[in-house]
1. Can you list the copy-to-copy distances for A:Y295, using a point 7 angstrom from Cα toward Cβ, in nanometres, shortest first?
2. Nm distances between the label at A:H360 and the same-position labels in the remaining copies, 7 Å along Cα→Cβ, shortest first?
3. Threshold 40 Å², probe 1.4 Å: give the residues of segment A:244-262, in number order, that are less accessible with all protein chains present than with their chain alone.
4. Rg over Rh of segment B:250-324, using C-alpha atoms and the Kirkwood radius, what does it come to?
5. Calculate the all-directions average of the projected area of segment B:9-114's alpha-carbon convex hull, and give it in nm².
6. Name the shape class, rounded, prolate or oblate, that the alpha-carbon gyration tensor gives for segment B:294-374, where a ≥ b ≥ c are the square roots of its eigenvalues, rounded holds for a/c under 1.5, and otherwise prolate holds if a/b is larger than b/c and oblate otherwise.
7. What total accessible area, in Å², is buried where chains A and B meet, using a 1.4 Å probe and rounding to the nearest 100?
8. What percentages make up the Cα-Cα pair-distance distribution of segment B:216-354 when the bins are 5 Å wide from 0?
2 protein chains.
Amino acid sequence: MVGRSVGVVTPQRMVFEEPLVLRSGAVLPRYELVYETYGELNAAKSNAVLVCHALSGSHHVAGYYADDPRNVGWWDNFVGPGKPLDTRKFFVIGVNNVGGCFGSTGPRSIDPTTGEPYGSRFPFVTVEDWVEAQARLADRLGIAEFAAVIGGSLGGMQALSWALQFPDRVRHVLAIATTPKLSAQNIAFNEVARQAIMSDPDFHGGDYYRYGVVPKRGLMLARMIGHITYLSDDAMAEKFGRTLKYGEVRFSYDVEFEIESYLRYQGEKFSRYFDANTYLLTTRALDYFDPAAEYGGDLAQAFARAEAEFFVLSFSTDWRFSPVRSREIVAALVHSEKRVSYLEIESRAGHDSFLLEHPHYHAAVRAYLNGVRV
Amino acid sequence: MVGRSVGVVTPQRMVFEEPLVLRSGAVLPRYELVYETYGELNAAKSNAVLVCHALSGSHHVAGYYADDPRNVGWWDNFVGPGKPLDTRKFFVIGVNNVGGCFGSTGPRSIDPTTGEPYGSRFPFVTVEDWVEAQARLADRLGIAEFAAVIGGSLGGMQALSWALQFPDRVRHVLAIATTPKLSAQNIAFNEVARQAIMSDPDFHGGDYYRYGVVPKRGLMLARMIGHITYLSDDAMAEKFGRTLKYGEVRFSYDVEFEIESYLRYQGEKFSRYFDANTYLLTTRALDYFDPAAEYGGDLAQAFARAEAEFFVLSFSTDWRFSPVRSREIVAALVHSEKRVSYLEIESRAGHDSFLLEHPHYHAAVRAYLNGVRV
């Protein structure tokens, strides 16, 4: 890995007493955000970069915890001294979104009006709501304008939305492996995942906390479905193929093929730490994202108000948010006379590529960010 | 639709008292097969065609029942007088496979040794076992040799296997939208579907019959996942896109998008008639099919013993069993010096295309079958 780790990091917490009016019309009267920062904010406060997380991500983007050194940030290969997002130059912020399950106010948090976890009463949140909340965090940190907002997948949607919601507060947007809106197939996969969770008898209509259980089976299934869409067919073939766990067919519903073992392991692990309500909220935020909707589907028109420069990246074998979807973003930006660079990276790893260390990908981001003035 | 319906049909039943030794080593001491026939067997008994069904299919291939005229066979557009598989020329047989849930001996049947439904004790069945059982049915019907064996998807695997297991009993094989073996991704989707069923508390380890319940939630999820893989991304986009059921976002986990409504409907319907144990058995039969395995993965060598002529068809947007997989079959057949025709049909409908009326597809099958001597 090129570059060093940011080292030991400590999550911070910010309390917001101003109500957050959500796109759904609901109001969060009070909320907290957990976040981490890496690098130093310069005197001009012009070198801040916001990293937005995707479905299973969090504020813990880079580094590790003193008391848990194996808990390394989800984008540690990307953020650090000498890494593509270089913390010697940039002040980087990672924040757990509202509705999340890693410390920010979410369905697991205590609803002050009832003294119980929000559960099913937690309001729907959208990409736009997250951006709004992130902007308030920036306010409190004294950051008037981000040098860049960066994200992959759902994080990329937030990065795009920044340019539309706060045109004068973001100079560069890096939108990686993302889409301007989900396809019917994308929504279909989300729907099956949600049905898996909601039909789990341990879901209790979203109020499982009070029963001391979690809809573990549903979460496992949701994560297994997710993993299939994160990996390319090629990557799965290379990594697992039809390899049998015991070298021969045993005529059993236990694990026969290595791919089964992998999926069960991933599902089991996920179900131990991720909150089911957060999963539901987040997939709905994905479904709903469609900045062109209020412009009659005209994405170029939606982008008209943006002032940022854009760097759009996609990966050749990503079939969840394929290069075609990124090219829609690029075409709309071009039609809208924005400055945009686009790179389609050859990669075998599918949607997951955006999280992996890939020389061409990382070199391109590094080069782009080298050119960002702070 | 070109051609007419075969009209009213009546399922028949054949009892087999000779034990069927399965590939797993298990033995079915006695079993029954339900089947239907269309057209007339000629005096030379040289015009018989076997149609093999896929995951959710049955013996009811064409026509309708006198007491249930809306229950039309699953391939009624394909089989009948003047249709691509013309019953004026051919004597066509449809049979529900062993392990099925439409009348042939399966997990729902009474195990004579216990007087209770087989349930979890029903043995694993393979494509090869099905072909073996079909051959015994042919014996009893006096059919020494099939003019053709035809199938799509899992049915195509059976058609291919016929040429390998009974080389001198099949003159033509039509293998449609199929694959010589599942990919890791194919197995992964099957595994998620199985986990959905098996983790449903109403599954009771496969012995849900004795509790008077069925693992309905699991079956629904399995079918929803299946449907996503049967349709192409394009077909879903065309058919549903992001169309909202109520014209606007309502911030709800109830149906918001039309695609959700479609999937839930399909899942619900399926869970009312399909047996969960049959689903498990059938997906495992899919997983296990790999005729090249005993030849060190050399498919051409596996085909060496075949004597049939082959017609392989695939559909451009089928991402479940893509044209690439059909080309593997064709390449192996060519290397094995077999006679093979191959056609890749342009179709937007994905894997489901093989069940649909498509002029080019149907014309090609019609032309091929016109050339089959009886």
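1. With the label placed 7 Å along Cα→Cβ, A:Y295 yields 5.7 nm.
2. 3.1
3. A:F251, A:Y253, A:F257, A:E260
4. Answer for segment B:250-324: 1.16.
5. The number I arrive at for segment B:9-114 is 8.4 nm².
6. Taking the square roots of the gyration eigenvalues as a ≥ b ≥ c, segment B:294-374 is oblate.
7. Approximately 4500 Å², summed over both chains.
8. Over segment B:216-354, the share of Cα pairs per 5 Å bin runs 2, 9, 13, 15, 15, 14, 12, 9, 6, 3, 2, 1, 0 percent.
The values are calculated or read from the model by the stated rules, or taken from the named source; none is laboratory data. As the structure is a computational prediction, the values presented were derived from the model and not from experiment. Ideal geometry is used to build each Cβ from the backbone, glycine not excepted, and the neighbour counts take in all protein chains shown. Accessible surface areas use protein heavy atoms only, side chains included; no ligands, DNA or RNA. Shrake-Rupley method; radii C 1.70, N 1.55, O 1.52, S 1.80 Å.
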